[in-house]
Amino acid sequence: MTTLECSICNQGTLKKENKDEVFEYQGETITIPDYVVHRCNICSEAIVDNETLKTSGHILKAFKREVDERRV
């Protein structure tokens, strides 16, 4: 397994974390399970995994559209 260096502090290493991430829009919430981030052991900065970013982007776009349609 490759160890990634933190590009924010340039001191720590990144550790992969899977978690449930909650997003809020217009007072409504959605939880995305298995949201993958890589967290620095020194500065605690979290960098979202590329695949997670792509997948969650589609989910959040649809969620916002649904919320907006209910408010019309």
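Taken together, the values in this text are just the output of simple stated rules run on the coordinates, not laboratory data. This one's a predicted model, so the numbers in the text were calculated from it and none came from an experiment. Here the Cβ is made from the backbone with ideal geometry for all residues, glycine too, and neighbour counts use every protein chain on show.
Could you check segment 25-44 and list, in sequence order, the residues that are of a type in the set (D, E, K, R) and in contact with a strand residue (DSSP E or B) (Cβ under 8 Å, 6 or more places away or on another chain)?
Listed by number, the residues that qualify are Asp34, Arg39.
Going through segment 37-60 one residue at a time, which ones are free of Cβ contacts under 8 Å to residues at least 24 places away in the same chain and not polar (S, T, N, Q)?
Val37, Val48, Glu51, Leu53, Lys54, Gly57, His58
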Return only the number of the condition from (1) in a helix (DSSP H, G or I); (2) at positive phi; (3) hydroxyl-bearing (Ser, Thr, Tyr) that Ser44 does not satisfy.
(1)
Does Leu60 meet the test of being surrounded by 14 or more Cβ atoms within 10 Å (Cβ to Cβ), in contact with a His (Cβ under 8 Å, 6 or more places away or on another chain) and not in a loop (DSSP other than H, G, I, E, B)?
no
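When segment 15-72 is examined, which residues are found to be aliphatic (A, V, I, L, M) and over 12 Å from the mean Cα position of the chain (by Cα)? I'd like the intermediate steps shown before the answer.
Residues of segment 15-72 aliphatic (A, V, I, L, M): 22, 30, 32, 36-37, 42, 46-48, 53, 59-60, 62, 67, 72.
Listed by number, the residues that qualify are Ile30, Ile42, Ala62, Val67, Val72.
Got a sec? Which of Asp34, Asp20 is assigned to a strand (DSSP E or B), in contact with a Pro (Cβ under 7 Å, 6 or more places away or on another chain), under 26 Å from Lys64 (Cα atoms) and in contact (Cβ under 8 Å) with a residue 12 or more places away in the chain? Please lay out each step first, then the result.
Working: Asp34 fails: in contact with a Pro (Cβ under 7 Å, 6 or more places away or on another chain).
Being assigned to a strand (DSSP E or B), in contact with a Pro (Cβ under 7 Å, 6 or more places away or on another chain), under 26 Å from Lys64 (Cα atoms) and in contact (Cβ under 8 Å) with a residue 12 or more places away in the chain holds for just one of Asp34, Asp20, which is Asp20.
Go through segment 1-17 and give me each residue that's assigned to a loop (DSSP other than H, G, I, E, B) and either surrounded by 12 or more Cβ atoms within 10 Å (Cβ to Cβ) or among the charged types (D, E, K, R) (or both).
Residues of segment 1-17 that are assigned to a loop (DSSP other than H, G, I, E, B), as a first pass: 1-3, 6-12.
If the condition is that a residue be assigned to a loop (DSSP other than H, G, I, E, B) and either surrounded by 12 or more Cβ atoms within 10 Å (Cβ to Cβ) or among the charged types (D, E, K, R) (or both), then Cys6, Ile8, Cys9, Gly12 are the ones that fit.
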